[in-house]
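Read the structure below first, then the notes.
The values are calculated or read from the model by the stated rules, or taken from the named source; none is laboratory data. Please read these numbers as outputs of a predicted model, since none were measured by experiment. Neighbour counts are summed over all protein chains in view; Cβ atoms, including those assigned to glycine, are modelled from backbone coordinates with ideal geometry. Surface areas here come from the heavy atoms of the whole protein model, side chains and all, with no ligands, DNA or RNA. Shrake-Rupley method; radii C 1.70, N 1.55, O 1.52, S 1.80 Å.
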Amino acid sequence: MKIIMLGAPGAGKGTQAKLIAEKYNIPHISTGDIFRANIKNGTELGKKAKTYMDKGELVPDELVVDLVVDRVAKDDAKNGYVLDGFPRTIPQAEALDAALAKINDKVDYAIDVDVPDENIINRMSGRRACVACGGTYHIVNVPPKKEGICDACGGELILRDDDKPETVKKRLDVYHEQTQPLIDYYTEKGILKTVDGTVDMNDVFAAIVGILG
Ligand SMILES: [Zn+2]
C-alpha cells in the first residue's frame, strides 16, 4: 500500500508514519532522509540537489520528485511505502502522480492527521529544553522533577524560540496556505482519510489501522 501522510508540523504525523511502516513492513520515506542518502552516496541526483542546498536555495520540485520516484522504485518499496513530508504542494503532488502513472503506479491513501492549531500551539508552548545538555521536557507530559531544572544535569530549562506560540502560529499559517489545497486535491481523488490527531497516539494509530485494514 502506498501512503502519503498529511498533517501540520507538531500534529504527530512522523510518529504515525513510523508506526505504519513497522506494522505493515514497508519503508518510511522522508524527503530529508532521501536527500541525505543521495548526497552521502554521491549519486547524480544527490550532486544536483547539493548544488542548490549549498547555495541555500530550495531544491526545485522536479528534482525533489525525481529523488522521491527514484526512492520508491527501490526493491524494499515494491509492496508499498509511507511518504512523510512529501508532497507539500499541488505542483509536487501532480508531478508525483504523473511520474507514478508512468510506471503504472498510484497513491492508495492520503492520511490527514488532523489537529486544530490551538492544540498544536498549546502542545508546543509546554515544551522545555535544557540550555546545558539539550534534554527535552514537557510541563504536562514529561515534567522535570523540579520545575525549570533539568533532571539530568541541573541546567536551566527554557521555552525555545521555535516552540513559542507566535513562531508556531507562523509555521502553521504557512502549512495551511501550502498544504490545505492538497487536502482538496486528495479528497477529489477519493483517497483522503482524516483521523483525529488530538487523541492519544495509540488511539490515532488504531484509527489508521482501521482504515488501512
Ligand atoms: Zn540538562
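Every residue in the stretch 153-163 that is away from the ligand (no atom under 14 Å from the Cβ) and at pLDDT 95 or above, please. Spell out how you get there, then give the answer.
The initial filter retains those residues of the stretch 153-163 that are away from the ligand (no atom under 14 Å from the Cβ), namely 159, 161-163.
Within the stretch 153-163, just L159 meets the criteria.
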Checklist entry - Can C150 be described as exposed (fewer than 15 other Cβ atoms within 10 Å of the Cβ), within 16 Å of the ligand (Cβ to nearest atom), of a type in the set (A, V, I, L, M, F, W, C) and over 30 Å from T194 (Cα atoms)? => result no
Per the list (1) surrounded by 13 or more Cβ atoms within 10 Å (Cβ to Cβ); (2) in a helix (DSSP H, G or I); (3) of a type in the set (A, V, I, L, M, F, W, C), residue check on A101 breaks on (1)
Here the residues within the stretch 197-210 that are modelled with pLDDT of 95 or more and either of a type in the set (F, W, Y) or loosely packed, with under 12 Cβ neighbours inside 10 Å (or both) are N202, F205, G210
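Take I111 and tell me if it is β-branched (V, I, T) and open to solvent by less than 10 Å² (accessible area, probe 1.4 Å). Walk me through how you get there before you give the answer.
On the way: β-branched (V, I, T): yes; open to solvent by less than 10 Å² (accessible area, probe 1.4 Å): yes.
Yes: the conditions hold for I111.
Which residue is nearest to G213 (Cα to Cα), if the candidates are limited to the stretch 105-141 and must be basic (K, R) and within 15 Å of the ligand (Cβ to nearest atom)? Break it down into steps so the answer makes sense when it comes.
Restricting attention to the stretch 105-141, the residues satisfying the condition of being basic (K, R) are 106, 123, 127-128.
From what is left, the residues that are within 15 Å of the ligand (Cβ to nearest atom) are 127-128.
Working: R127: 34, R128: 37 Å.
Restricting to residues being basic (K, R) and within 15 Å of the ligand (Cβ to nearest atom), the top hit is R127.
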Given (1) within 16 Å of the ligand (Cβ to nearest atom); (2) closer than 16 Å to A8 by Cα, P87 misses just (1)
Selection from the stretch 9-30 of residues of a type in the set (S, T, N, Q) and touching an Asp or Glu at 6+ places or on another chain (Cβ under 8 Å) yields S30
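Per-residue answers, yes or no, for (1) buried (at least 18 other Cβ atoms within 10 Å of the Cβ); (2) in contact with an Asp or Glu (Cβ under 8 Å, 6 or more places away or on another chain); (3) of a type outside the set (D, E); (4) at pLDDT below 95:
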site	(1), (2), (3), (4)
M5	yes, yes, yes, no
G56	no, no, yes, yes
A77	no, no, yes, yes
D84	yes, no, no, yes
Result of the Cβ filter at 6 Å on the stretch 42-55, keeping first residues that are more than 15 Å from R71 (Cα to Cα) and partners that are open to solvent by less than 90 Å² (accessible area, probe 1.4 Å) and not in a loop (DSSP other than H, G, I, E, B), at least 6 apart or interchain, is K48/L63; K50/I39
Here the qualifying pairs (Cβ atoms under 9 Å; residues six or more apart or on different chains; first in the stretch 161-178 and within 13 Å of G7 (Cα to Cα); second open to solvent by 70 Å² or more (accessible area, probe 1.4 Å) and assigned to a helix (DSSP H, G or I)) come out as R171/D162
